[in-house]
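I have placed the structure first, in the form of structure tokens, so that the comments after it can refer back to it.
The values are calculated or read from the model by the stated rules, or taken from the named source; none is laboratory data. Since the model is a prediction, treat every value here as computed from it, not as a measurement. Because the Cβ atoms are built from the backbone with ideal geometry, glycine has one as well, and the counts that use them run over all protein chains shown. The protein model used for the area step is the full one, side chains on, heavy atoms only, and it has no ligands, DNA or RNA in it. Shrake-Rupley method; radii C 1.70, N 1.55, O 1.52, S 1.80 Å.
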Number of protein chains: 2
Amino acid sequence: MVDGLGAPLTAPLFDRVALIGIGLIGSSLARVAKRKNLARTIVASDASAEVRARVAELGLADEIAGSAARAVEGADLVILCVPVGAVDAVAQEIAPHLAPGAIVSDVGSVKGAVLATLTKHLPKTVAIVPAHPVAGTEESGPAAGFATLFVNRWCILTPPEGADEKPVKRLAEFWTAAGANVEIMTAQHHDLVLSITSHLPHLIAYNIVGTAADLEAVTQSEVIKFSAGGFRDFTRIAASDPTMWRDVFLNNKEAVLETLGRFTEDLTALQRMIRNGDGEGLFKLFTRTRAIRRGIIAEGQETAAPDFGRHRDDKDQ
Amino acid sequence: MVDGLGAPLTAPLFDRVALIGIGLIGSSLARVAKRKNLARTIVASDASAEVRARVAELGLADEIAGSAARAVEGADLVILCVPVGAVDAVAQEIAPHLAPGAIVSDVGSVKGAVLATLTKHLPKTVAIVPAHPVAGTEESGPAAGFATLFVNRWCILTPPEGADEKPVKRLAEFWTAAGANVEIMTAQHHDLVLSITSHLPHLIAYNIVGTAADLEAVTQSEVIKFSAGGFRDFTRIAASDPTMWRDVFLNNKEAVLETLGRFTEDLTALQRMIRNGDGEGLFKLFTRTRAIRRGIIAEGQETAAPDFGRHRDDKDQ
Ligand SMILES: NC(=O)c1ccc[n+]([C@@H]2O[C@H](COP(=O)([O-])OP(=O)(O)OC[C@H]3O[C@@H](n4cnc5c(N)ncnc54)[C@H](OP(=O)(O)O)[C@@H]3O)[C@@H](O)[C@H]2O)c1
Ligand SMILES: NC(=O)c1ccc[n+]([C@@H]2O[C@H](COP(=O)([O-])OP(=O)(O)OC[C@H]3O[C@@H](n4cnc5c(N)ncnc54)[C@H](OP(=O)(O)O)[C@@H]3O)[C@@H](O)[C@H]2O)c1
């Protein structure tokens, strides 16, 4: 198939998959699970009655459960798709209702804190395999999801030390069938890697948009009008869900502060170059950063089209 | 016309338009000038013989001059489309060859320094009207340009104090016909506004990509693989032309350092919130920044499509 998802599996990978929290990620998982026949039955659950109604309306699941506890009953795969800050409450709620042998996973953007919470609350009879699909948009809610969200994106699994291999392998198959490439690493390393590739970029974007809003000498209308110079890309990132990102920074404090410290040191050096009119130093840095861009395009994580293909309609004249 | 450029003018606005420097911006201007009949004759010139050959090959101009001095002879509109750092040399070269009454403009991303340089070198007999189209991509060179680059983008004119109204009006007409919205302000205010909407975002993007490249605990391959979390948008910005951006920071030092100072103060406060686990403070900031995004979408400077419309092909399932 042209969209990269391929044909549905002839036999489902899991019997009963419970998705808790049907926002952007949960609804995308529901869509791809249905489309690719990843589960015999998809059970959806969400704290919000409004979301549950929307899920029914959109026909995203085979069953909709009124609570997370009910949703996980008899499920062989449970995936928490709630904000990281809600994982603790959900884990406590579902713990007594989990089927022995079930795989319990999540999609949270932070892994160390989630792994600790799940380990603390869940029974030894289930297999804990936290996961993070590195894919998303700045939208949220069940209507924002789509089946191809994970295609050609990476999904990182962070099983605890000494975990059974089999459930890790089964979850990897699930994500592979959803179109993702799977990588396995420790939760701690995940949190460090993502602190630079995701958390710090979001922090910086939120910060610069905040700075712009507060300048007295430049009006908000000017900021908006002349955003095409580069700023608008930051506003897109800074329009991401506040709850999700608050939880990320509260739960990945250490790695984020470490990476932020490096960033600030480098920024101070760059500031000095500007102050001293060090054109050679600036040129050197600005040239070096191009190599990473080329790597990302070569890896298929981005298109080379400038401006994301906007305005290219009549490129030939 | 669907692309927003509309029909060609029945009579050209200028007799002879000389474009000096045929890169992304110069070649886009050449394309739209031809397409919209903005000039009876378009003369192109570039320091690089290779670029001149490419311009001939692409058929971008009616005449190609071997030097900037030759290009401006008899032109009633001259637009310098060279990097800001090259404006001084070009101004000195063309000064003795300018026709009395000619309008001399540019497209540089910095305006105070350019206005000062042009005022210093050019004869009193010409009208100096610096300009900056707030539009671009991270590509450069004559093949990267396209006729619709300026459509629905702002072009800022920064005439010197007490300038004649007529040449300003004529240049505004030129840019309007090229699809842009025109705004007039002082060069100093321009440099301040753009320091936040363009220069600081680029600085930050270059810096974070540099920081990522230098982390020992995270490999370059990991940075590239997991860039979809937010980082890849920064790499796109940080792939912009090093010469252009070196010149911007060397020539808008004061405003950039001022804006950078504000940014750093705000970042320190944000860092403290994370360290203290101040979830409420984080949530407040992350919510506030969404309003600016909505403003940009309402102004038509961006599309609301998440992820710039990537992956949306099968949104309905
Ligand atoms: N967005 C991304 O780009 C992205 C990418 C990768 C991973 N992630 C991770 O994916 C997870 C979900 O993100 P998302 O973007 O899908 O968020 P979302 O669209 O806001 O969806 C989250 C859903 O979970 C529900 N929920 C909240 N607390 C709950 C609880 N205690 N029990 C049951 N449901 C609850 C929410 O309901 P309410 O609306 O009532 O709060 C909402 O419907 C987060 O952990 C995030 O870190 C996100
Ligand atoms: N790119 C953007 O997004 C953007 C947006 C708005 C405004 N601007 C401004 O537009 C201007 C041009 O940018 P661009 O992106 O079009 O750059 P570009 O694609 O690199 O083109 C610049 C062209 O000028 C030529 N040149 C350099 N020095 C020259 C000289 N002394 N005499 C004649 N030609 C010379 C260059 O030749 P070589 O290749 O031999 O150096 C090159 O062909 C800059 O001032 C920039 O600040 C850029």
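Residue check, A:VAL87 against (1) without any contact (Cβ under 8 Å) to a residue 24 or more places away in the chain; (2) open to solvent by less than 40 Å² (accessible area, probe 1.4 Å); (3) β-branched (Val, Ile, Thr), all met but one. Which one?
(1)
In the list A:GLY21, A:GLY26, A:GLY108, which residue meets the criterion of being crowded, with 24+ Cβ neighbours inside 10 Å, within 12 Å of ligand 1 (Cβ to nearest atom) and within 14 Å of another protein chain (Cβ to nearest Cβ)?
Values: A:GLY21 fails: within 14 Å of another protein chain (Cβ to nearest Cβ); A:GLY26 fails: within 14 Å of another protein chain (Cβ to nearest Cβ).
Matching residue, one of A:GLY21, A:GLY26, A:GLY108: A:GLY108.
Listed residues A:THR197, A:THR264; which is assigned to a helix (DSSP H, G or I), touching a strand residue (DSSP E or B) at 6+ places or on another chain (Cβ under 8 Å) and either surrounded by fewer than 21 Cβ atoms within 10 Å (Cβ to Cβ) or facing chain B (nearest Cβ under 8 Å) (or both)?
Values: A:THR264 fails: touching a strand residue (DSSP E or B) at 6+ places or on another chain (Cβ under 8 Å).
Criteria check complete, one pass: A:THR197.
For the stretch A:122-149, give me each residue that is closer than 24 Å to A:ARG170 by Cα and within 15 Å of the chain's Cα centre (by Cα). Break it down stepwise before answering.
Step one: of the stretch A:122-149, the residues closer than 24 Å to A:ARG170 by Cα are A:122-136, A:145-149.
Answer for the stretch A:122-149, where residues must be closer than 24 Å to A:ARG170 by Cα and within 15 Å of the chain's Cα centre (by Cα): A:PRO130, A:ALA131, A:HIS132, A:PRO133, A:VAL134, A:ALA135, A:GLY136, A:GLY145, A:PHE146, A:ALA147, A:THR148, A:LEU149.
Just give me the residues in the stretch B:173-194 being in contact with a Phe, Trp or Tyr (Cβ under 8 Å, 6 or more places away or on another chain), more than 7 Å from chain A (Cβ to nearest Cβ) and open to solvent by less than 10 Å² (accessible area, probe 1.4 Å), in sequence order.
B:PHE174, B:TRP175, B:ALA178, B:ALA180
Within the stretch B:281-314, track down each residue that is more than 7 Å from chain A (Cβ to nearest Cβ) and either closer than 16 Å to A:ILE208 by Cβ or modelled with pLDDT of 90 or more (or both). Spell out how you get there, then give the answer.
Applying the first criterion (more than 7 Å from chain A (Cβ to nearest Cβ)) to the stretch B:281-314 yields B:281, B:284, B:291, B:294, B:297-298, B:300, B:303-305, B:309-310.
Once the filter is applied, which keeps residues that are more than 7 Å from chain A (Cβ to nearest Cβ) and either closer than 16 Å to A:ILE208 by Cβ or modelled with pLDDT of 90 or more (or both), the stretch B:281-314 yields B:GLY281, B:LYS284, B:ALA291.
Given the condition away from ligand 2 (no atom under 13 Å from the Cβ) and open to solvent by 20 Å² or more (accessible area, probe 1.4 Å), answer yes or no: does some residue in the stretch B:127-140 qualify? Spell out the reasoning first.
So the first thing to find is which residues in the stretch B:127-140 are away from ligand 2 (no atom under 13 Å from the Cβ), and the list is B:127-129.
So of that shortlist, the ones also open to solvent by 20 Å² or more (accessible area, probe 1.4 Å) come out as B:127-128.
Yes, the stretch B:127-140 has at least one match.
Test each condition in (1) open to solvent by 10 Å² or more (accessible area, probe 1.4 Å); (2) more than 7 Å from every other protein chain (Cβ to nearest Cβ) for B:ARG153 and report the one that comes out false.
Against the list (1) open to solvent by 10 Å² or more (accessible area, probe 1.4 Å); (2) more than 7 Å from every other protein chain (Cβ to nearest Cβ), B:ARG153 comes up short only on (2).
List the pairs whose first member sits in the stretch A:125-150 and is on the phi > 0 side of the Ramachandran plot, whose second member is part of a loop (DSSP other than H, G, I, E, B), and whose Cβ atoms are under 7 Å apart, counting only residues at least 6 apart or on separate chains?
The qualifying pairs are A:GLY141/A:GLY23.
Counting only residues that are touching a residue at least 12 places away in the same chain (Cβ under 8 Å) and within 12 Å of ligand 1 (Cβ to nearest atom), how many does the stretch A:237-262 have?
Residues in the stretch A:237-262 being touching a residue at least 12 places away in the same chain (Cβ under 8 Å) and within 12 Å of ligand 1 (Cβ to nearest atom): 14 in total.
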